[in-house]
Amino acid sequence: MPRATPPWTRATCRSLLHSYPSDERLGLPRGEFEVPLILQDRTFNANGSLAYTVVDREGEDTPVVNGKAYPYLDVEPRRYRLRVLNASNERFWRLRFDVPRDVLLQPQLPFWLIGTDCGFRAPLQMLDFLISPAERYDLIADFSQAKGREVTLTNYPGTQVHYPGIPGCGPEIADIMRFRVIKPLSGGGDRTTPPEKLKLQSVPPIKPKPHTRRREWVVYQHKLFRTMTFNAVPYMEPSQAFIKEGSTEIWEYINPNHDAHPMHVHLVNFQVLNRQPIDAARYQTDYDKWIYGGRRPEDHPVPADYFTGPPIPPDPDEALSYKDTVKAPAQMVTRIIIQEFIPPTDTIASIPGSGAELPATYIHHCHLLEHEDDDLMRPWTIVRAND
């Protein structure tokens with residue numbers, strides 16, 4: 001690992017945290033024991049300036065956390081709350097906490113997931129997790145078993161930039177940062193609630209009904225390295241998706257592409273329903289024929305005709321969680337379910353005229369920055385239920 005930079009200041013951390021008074025009642029780590037980890041990958045020129053290399057390769061070569069390359073943080077032997085955001089342009093990270101072999105019987109420090117993009121969930125003990133750009137994970141890590149040692153936040157070996165994507169498309173990054181467990185235990189000990197005893201309300205599953213509306217969003221790219229769109233429609237074209245206020249919908253992201261995409265939907269919270277593999281090459285061929293054959297409704301490819309396997313349940317960290325960003329893997333249909341489309345029509349933060357008026361238009365997009373800028377983004381519109 002290259003030489004580490006000093007830890008960031010507590011003032012910087014405080015400005016990036018977003019806690020609520022109700023968190024106090026839960027007994028979660030707070031103050032200096034609640035730490036944001038904003039992950040990015042960057043490439044630097046010889047003079048220290050940032051280099052933008054997307055025209056040459058996918059992904060950058062240096063891990064950056066909270067604006068510092070290869071940082072370290074001195075911590076106490078106690079529980080910490082880590083608020084992780086993947087702020088990379090396009091890199092997926094598979095994160096774990098590595099410890100020296102003589103610290104634990106296993107080489108990874110277990111941790112607890114207590115929240116995702118849109119709030120708390122039932123605590124889940126984990127050893128690693130995959131996080132795509134724009135996703136947020138709320139973790140509890142207990143460093144008490146590594147007193148006097150170092151814990152390394154590591155990117156799981158072999159994780160490509162667009163995971164799972166084409167191997168070799170960009171530099172691999174292994175070590176990200178270090179936690180040096182060398183500070184004395186303060187405050188008379190750790191009085192926070194053990195994660196397995198946290199009283200966090202479970203997220204009830206949103207169950208689809210036979211009449212629940214389904215809406216398809218196809219990641220369309222006619223040729224490799226060409227512009228990507230949803231449903232072969234440019235971003236600036238008027239909205240074609242009109243959704244009744246208060247309704248429930250299932251959105252199906254159909255990805256015959258060679259890359260995984262993190263799909264981000266504005267306004268709503270959703271749950272990941274499932275994923276299903278498709279014959280991507282055959283679907284892409286038939287979708288091309290449909291596009292260039294005049295888009296006749298009767299010729300539109302039906303995804304069910306291309307399935308190559310049964311639906312796959314969401315990953316444990318996604319299941320029974322509220323999300324606003326979902327990983328849409330290559331050659332898969334990824335389904336999410338939105339329980340209610342309700343725009344904020346009341347005044348927001350006492351600002352006159354700030355509430356939404358129907359019809360209200362929002363967007364969804366791929367959160368790979370270059371894909372978002374390359375037209376993989378579309379508007380959708382909420383209309384009154386009786387319209």
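Derivation of every value follows stated rules applied to the coordinates shown; laboratory data play no part. Source: prediction; values computed, not measured. Positions of Cβ are backbone-derived with ideal geometry, glycine not excepted, and every protein chain shown enters the neighbour counts.
Observations, loosely collected:
- Where trypsin sites (Lys or Arg not before Pro) in DSSP loops with at most 16 other Cβ within 10 Å are excluded, longest remaining stretch of the chain: 296-383
- Residue-count net charge about ARG42 - beta-carbon cut-off 9 Å; Lys, Arg +1, Asp, Glu -1: -3
- Label assignment, mean projected area of the Cα convex hull in nm² derived from the structure, set (1) 26.9; (2) 25.3; (3) 22.4: (3)
- Straightening the chain between GLU172 and ARG226 buys 17.0 nm, computed as 0.36 nm per residue apart minus the Cα-Cα spacing.
- Structure-based [θ]222 nm, the chain - -39500 (n - 2.57) summed over DSSP H runs of at least 4, per residue, nearest 500: -2000 deg cm²/dmol
- Amide proton proximity set for PHE341, modelled H, under 5 Å, gap of 5+: GLY246, SER247
- The chain: most fluctuating residue of GLU298, GLU150, GLU172 per GNM, C-alpha cutoff 10 Å: GLU298
- In this rough spin-label picture, where each label sits 7 Å from Cα along the Cβ direction, the PHE242-GLU216 distance is 2.1 nm.
- Evaluating 6.51 cos²θ - 1.76 cosθ + 1.60 at θ = phi - 60° for every residue in the stretch 34-41, the Karplus couplings come out as 10, 10, x, 10, 9, 8, 9, 10 Hz, glycine and proline recorded as x.
- Take every pair of alpha-carbon atoms less than 8 Å apart whose residues are at least six positions apart; their mean separation over the length of the chain yields a relative contact order of 17 percent.
- Evaluating 6.51 cos²θ - 1.76 cosθ + 1.60 at θ = phi - 60° for every residue in the stretch 265-280, the Karplus couplings come out as 10, 6, 6, 9, 9, 9, 10, 7, 8, 5, 9, 8, x, 10, 6, 5 Hz, glycine and proline recorded as x.
- Modelled label positions at SER186 and ARG384, each set 7 Å beyond Cα in the direction of Cβ, lie 5.7 nm from each other.
- Backbone amide hydrogens, once placed in the peptide plane, bring ARG79 within less than 5 Å of PHE143, excluding anything fewer than 5 places away on its chain.
- Taking amide H atoms as placed 1.01 Å from N in the peptide plane, the amide H of GLY170 lies under 5 Å from those of GLU58, each 5 or more residues away in sequence or on another chain.
- The stretch 178-196 residues near the modelled ASP23 label - backbone nitrogen below 15 Å, point 7 Å along Cα→Cβ: 192-193
- Estimated vicinal HN-Hα couplings, Hz - the stretch 133-143 in sequence order (Karplus 6.51, -1.76, 1.60; Gly, Pro = x): x, 5, 6, 10, 10, 10, 10, 10, 10, 9, 8
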